[in-house]
Amino acid sequence: MNVHYILQDPDEHARFAAYLDKLAHVANPDEVDMVSRVLADPDQTMAESAVLRHLDRRAADLYPGPAFEVWAQAMTQATIDHPFLAQRLREWSLFRAITLKLPWQPDDLLASSNWLQLMTAAETNIEAVEILAEAGRTKRIRNTARTGLNHRSES
């Protein structure tokens, strides 16, 4: 099934499922092209949602290793006209830096989305968790971070 065939289906739910399947099985050299094709769908909300799921899945697999940086740069180019997707890629890069204890700025974490703050609050970087326990954006983020800190102190 090619992307042109997918576009002929008037049901956005069917196209969404087909896009997720195509993205899950795309070969690395064809990934940027496939993401661009999905983002060309007339239903931008659905297309961005499919690509977001793909980015989250791939980033979760890649962030611990060196392949992440090249992949993130390529995906940034493919999503440059889609601010939410570009932001998610920046946040995955920040999550990677925090998790792998690479250089990062506390202000970047505090300015990040609830999604990133919540993910980070449940992680192992004590400095980041302490910052979120004190100044996380929501009560849920602060509580998640405090719970993590309390479990560490009890161990």
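For the stretch 51-75, taking the residues that are of a type in the set (Gly, Ala, Ser) and closer than 13 Å to Glu91 by Cβ, the one that is most open to solvent (accessible area, probe 1.4 Å) is identified as Ala60. Considering Arg88, Arg96, the condition of being of a type in the set (Lys, Arg) and within 9 Å of the chain's Cα centre (by Cα) is satisfied by Arg88 alone. The number of residues in the stretch 102-126 being without any contact (Cβ under 8 Å) to a residue 12 or more places away in the chain and over 21 Å from Gln87 (Cα atoms) comes to 0. Could you grab me the full set of residues in the stretch 11-31 that are under 16 Å from the mean Cα position of the chain (by Cα) and open to solvent by 50 Å² or more (accessible area, probe 1.4 Å)? Residue satisfying the conditions is Ala24 alone. Taken over the stretch 127-138, residues that are within 22 Å of the chain's Cα centre (by Cα) and open to solvent by 70 Å² or more (accessible area, probe 1.4 Å) amount to 2.
In the set Thr147, Thr124, only one residue is under 20 Å from the mean Cα position of the chain (by Cα), open to solvent by 40 Å² or more (accessible area, probe 1.4 Å) and among the β-branched types (Val, Ile, Thr); that residue is Thr124.
Residues that are closer than 30 Å to Leu39 by Cβ and of a type outside the set (Lys, Arg): which helices (runs of 4 or more DSSP H) entirely in the stretch 49-155 hold 2 or more of them?
Working: elements: 67-78, 83-99, 106-110, 114-121, 126-135, 139-154.
It comes to 67-78, 83-99, 106-110, 114-121.
Residue check: Lys101 meets all listed conditions (1) within 19 Å of Ser49 (Cα to Cα); (2) open to solvent by 20 Å² or more (accessible area, probe 1.4 Å); (3) not hydroxyl-bearing (Ser, Thr, Tyr) but one, namely (1).
Can you confirm whether Glu48 is among the acidic types (Asp, Glu), closer than 21 Å to Leu23 by Cβ and modelled with pLDDT of 95 or more? It is true that Glu48 is among the acidic types (Asp, Glu), closer than 21 Å to Leu23 by Cβ and modelled with pLDDT of 95 or more. Of all residues in the stretch 34-48, at least one satisfies being surrounded by 15 or more Cβ atoms within 10 Å (Cβ to Cβ), closer than 26 Å to Leu110 by Cβ and not aromatic (Phe, Trp, Tyr). Restricting the stretch 110-121 to residues that are out of contact with any Gly (no Cβ under 9 Å at 6 or more places or on another chain) and among the hydrophobic types (A, V, I, L, M, F, W, C), which is least open to solvent (accessible area, probe 1.4 Å)? Among those residues, the one meeting the criterion is Leu116.
The values are calculated or read from the model by the stated rules, or taken from the named source; none is laboratory data. Model, not experiment: these values are computed from the prediction. Glycine gets a Cβ as well: all are built from the backbone with ideal geometry, and neighbour counts include every protein chain shown. Heads up: the accessible areas ignore ligands, DNA and RNA and are worked out on the full protein's heavy atoms, side chains in. Shrake-Rupley method; radii C 1.70, N 1.55, O 1.52, S 1.80 Å.
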